[in-house]
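Accompanying notes for the structure given below.
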Amino acid sequence: MNERLKKILSDDNRLKVLVVGDIILDEYIWGSVNRISPEAPVQIVECKSQNMVLGGAANVANNLTSLGCKAYITGAVGVDEKGDKLIGLLKKMDIDTEGVVKDPIRITTNKIRVIAHSQQIIRIDNEDKRPVSGETEKKVKDYIEKTMPSMNGIICSDYNKGIVTDRVFKTIVHAAKKYKKMIIVDPKGGDFSKYKGVNVITPNEKEVAAACPIKIQSEEDMDRAIKYLFGLMHNDAILITRGKDGMSLFEKKGKTTHIPTEARDVYDVTGAGDTVIGVFGMAAFAGLGFVESARLANMAAGIVVGKVGTSIVTKEELSNFIEEGSLLSAGNILSLDELKQMISLARNREKKIVFTNGCFDVIHGGHIEFLQKAKELGDILVVGLNDDKSVKRLKGEGRPMKPQSERANILSALKYVDYITIFSELTPKKLIQEIKPDILVKGSDYSIEEVVGRDIVEGYGGRVELIPIVKGISTSGFLKKVIERHAG
C-alpha cells in the first residue's frame, strides 16, 4: 500500500477539486494571562500576536492545495474587510476564487479564538446562519455547473452557515451525476436525508448520533445507526472520525474497517475534520480505494492534531510519515504560519528564540557543533532551510545534493533543532521579519556587518551572535574531496 500512496503524493498531474461550502476566516489572538481584571472576575489576556488563517471550506481547499491539487472554491463572504482578507488568503495559496460570491447582505463568517499559555480560553463567532439570498444561491449554482465538467471530484464542506441550501445541493448532485464525478460530504445538522445521492460522508460520532433516531451506547448501536443512514442516503461509504479511537469506514456492501489513531500528542483538533475530508477526497479522486484513502486521511489527522490552531498537512509530511512510519520525522517541519503559532506559544512561556539559516546540503561535524552552540544561546532553535531552487541559484548546477525534504528530515532528527521551516527566497530577510527571533546566529566566517537581517533584529532590540566555525570543515570542501577521490 505504501508504494501506491507515495505515487499519489508524488504525481505531477494535479487533480482538480471543487470545494463547495461555508468559507470561514479563523482568527487567533495569542497572549498570556498574569492577572484578574479589577472590573470583573475575568482573566486579562495580554495580547502578544495575532494571525488569520483559512477555515471551514477554505481550510479544506488549503489542505488540497498543500497536497498538490488545484483547488476551486465556491461560497460567500460579506462585503467587508474580513471578506477581503479571506479572498486575499485564498489567492495567496493559489486557490481559484472566481466562485467566491460577495454578498452585500451578509457578514463574513469569522471565528476568533483567544489562546493563552497553550490553552484556548474563549471563542467568539461572527456569523449569519440564514440561507443565502436567491441571487447568491444562483451564482453558486451557476459556478458549480460551469466548473463540474473539468473537475476530478467535488467536496462539500457544510458548516450549516447558509451556503449549502437544498437547491445548491441538488445542483451538486445533478451535475456530478451528469459528468460522473464523485461527491464527498462533511455533513452537519440532524437531517442527513438532504445528502442523498452522494458517494461518501465523513461525520464524527456526535454528528452521527444527532442524525439517527438511535441512542448510540455500543458498537451494536453504531452498526444499527449506520444501516439507518445507508437506508436514508443510499450512498457508497460512511467514514466516521472517532477521536482517540481513530476512524471507522463502513461500506455499503457490509465491510467495516476500524483504523486506530496515528496521533501521538494531541494539541488541538481545530480543523482536523477539514484535513480528513481533504486528504480522503484527494486519494479517492486519484483512484485509491476507500480503505486506502481512509488510512491516508488517518495519518494526516494524526499529524495535524499535533499542531496548534487551524492547520494543514503537507505532501512532505505525509511522504515522510509513510517512509518512516512515524510522526517524529515531520512533527517539527513547519510552514511559516505554523511556525509563527509555535513561536507565539513559546514566547507566552517566556522562551528565548534563536534563529539561523542555511542550505545544510551535506550535514557534517561542523554543522552539528554549530547547531549545538546555537541552541545553547536560547531555548528554541529555529532553522530556516533554503528550498531546492534557491540552493541551485546560490550554489550552482549540481546542487543541492539532497532534496529539501531529505535535508529537512535530517535536521529534524537532530536533538538541538526544535523547528525547521523551508523558504524560497535567496536570503532569510522576509523570514526574519515574520518570526522576529531574539538572537540571530551565523558562523564566524561572516562579519557582523555581513549578516543578513542584522538591521531588522537589532531594530527591535534583538542581537546577532557569531559562532566560531570548525576550521577545515565545509560542505564545498567535503564535496571537492569526494569528487577528487572519485576522479582518481
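Read-outs throughout are calculated quantities, based only on the coordinates presented, and are distinct from any laboratory measurement. Keep in mind the model is a prediction, meaning the values are calculated, not measured. Note: ideal-geometry Cβ built from the backbone for every residue, glycine included; neighbour counts use all protein chains shown.
Beyond 14 Å, what share of the Cα-Cα pairs of the stretch 31-70 remains, rounded to the nearest whole percent? It works out to 65 percent of all Cα pairs. For 423, 370, 280, the sequence from fewest to most other C-beta atoms within 10 Å is 423, 370, 280. Relative to the longest principal axis of the Cα atoms of the chain, the long axis of helix 272-285 makes an angle of roughly 80 degrees.
Taking all Cα-Cα distances within the chain, those exceeding 37 Å account for 34%.
Hey, what's the Cα Rg ratio for the stretch 336-487 versus the globular rule of thumb, 2.2 N^0.38 Å?
This ratio for the stretch 336-487 stands at 1.04.
When DSSP beta bridges are limited to those with both residues in the stretch 2-313, what percentage is antiparallel, rounded to the nearest 5? Among the beta bridges of the stretch 2-313, antiparallel pairing accounts for roughly 45 percent. Compared with the dominant Cα axis of the chain, that is its longest principal axis, helix 81-92 is turned about 70°. Relative intensity of the stretch 22-135 on a log10 scale, I(q)/I(0) at q = 0.17 Å⁻¹, equals -0.84, per a Debye sum over C-alpha point scatterers of equal strength in the absence of solvent. As a ratio to 2.2 N^0.38 Å, the alpha-carbon radius of gyration for the stretch 137-268 is 1.12. For the stretch 2-313, the relative contact order is 17 percent, taking Cα pairs closer than 8 Å that sit 6 or more residues apart in sequence and dividing their mean separation by the residue count. A straight Cα-to-Cα reach below 14 Å connects residue 85 with the aspartates and glutamates 26, 27, residues fewer than 8 places away in its own chain not being considered.
How many percent of all Cα-Cα pairs in the stretch 68-206 sit more than 24 Å apart?
Here the long-distance tail beyond 24 Å is 36 percent of all Cα pairs in the stretch 68-206.
Among 154-164, 138-148, 41-51, sorting by the average number of other beta carbon atoms lying within 10 angstrom of each residue, highest first, gives 154-164, 138-148, 41-51.
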